[in-house]
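The values are calculated or read from the model by the stated rules, or taken from the named source; none is laboratory data. The model shown is predicted, which means the values in this text are computed figures rather than measured ones. Positions of Cβ are backbone-derived with ideal geometry, glycine not excepted, and every protein chain shown enters the neighbour counts. These area figures cover heavy atoms from the full protein model, side chains too; ligands, DNA and RNA do not enter into them. Shrake-Rupley method; radii C 1.70, N 1.55, O 1.52, S 1.80 Å.
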Amino acid sequence: MADHVFEEPPHRIRVRYCETDRMGVAHHGSYVAWFEEARTEWLRRRGKSYRQMEDEGDLLQIVEFEARYQKPLDYDDEILIRVRVAERSKVSVVLEYEVRRADDGVVVTLGRTKLACVGPDGKLRRLPKEI
């Protein structure tokens, strides 16, 4: 994953106290929300908000989630998350994430999600053109 080019500008987030464990280190579960926030903004930059997609009947369901933690993040660290399309089919997309500490540029986590597009009835449907 780290060898791939991420062309989009990164999404910035600051690690909040509530996202850390007793040691002040970012909890692994926080990455789920961070990936979602970065993915939502990535989609918005393509001209459509997730709310607009849902209003049009296109729902993205996570069917796979992977994170490889390489370095810890601490409370108040600013992070940069890049998102890119790694694979796509007619009904699903695999996105890759690269998380770096903003102050030193060190890659701290690499991740992946696979999302399937479904309609309100839960049946697979074609991905919107924005993706």
Helix-only mean residue ellipticity at 222 nm, the chain, DSSP H runs n ≥ 4 weighted -39,500 (n - 2.57), per residue, nearest 500. What is it? -5000 deg cm²/dmol
Tell me the angle of helix 30-44 to the major Cα principal axis of the chain, expressed in degrees between 0 and 90 and rounded to the nearest ten. 50 degrees
How many Å² of accessible area per residue for the chain, probe 1.4 Å? 59 Å²
Would you mind telling me the share, in percent, of accessible area of the chain contributed by carbon and sulfur at probe 1.4 angstrom? 46 percent
Quick one: how many lysine pairs does the chain have with C-alpha atoms less than 21 Å apart and a gap of 8 or more or different chains? Give me the count, please. 8
Give the Cα extents of region 62-106 along the principal axes, in whole Å, largest first. 39, 15, 15
Which residues does the label zone of Asp103 cover in region 10-25, counting backbone N under 17 Å from a point 7 Å along Cα→Cβ? 13-17, 20, 24-25
What length, rounded to one decimal in nm, is gained on full extension from Ala33 through to Val91, with 0.36 nm per residue of separation minus their alpha-carbon distance? 18.6 nm
Of the labelled options [x] 37, 16, 13; [y] 28, 15, 13; [z] 24, 19, 17, which one gives semi-axes √(5λ) of the Cα gyration tensor in Å as computed for this structure? [y]
If you place +1 on the Cβ of every Lys and Arg and -1 on the Cβ of every Asp and Glu, how big does the dipole about the Cα centre of the chain come out, in debye to the nearest 20? 460 debye
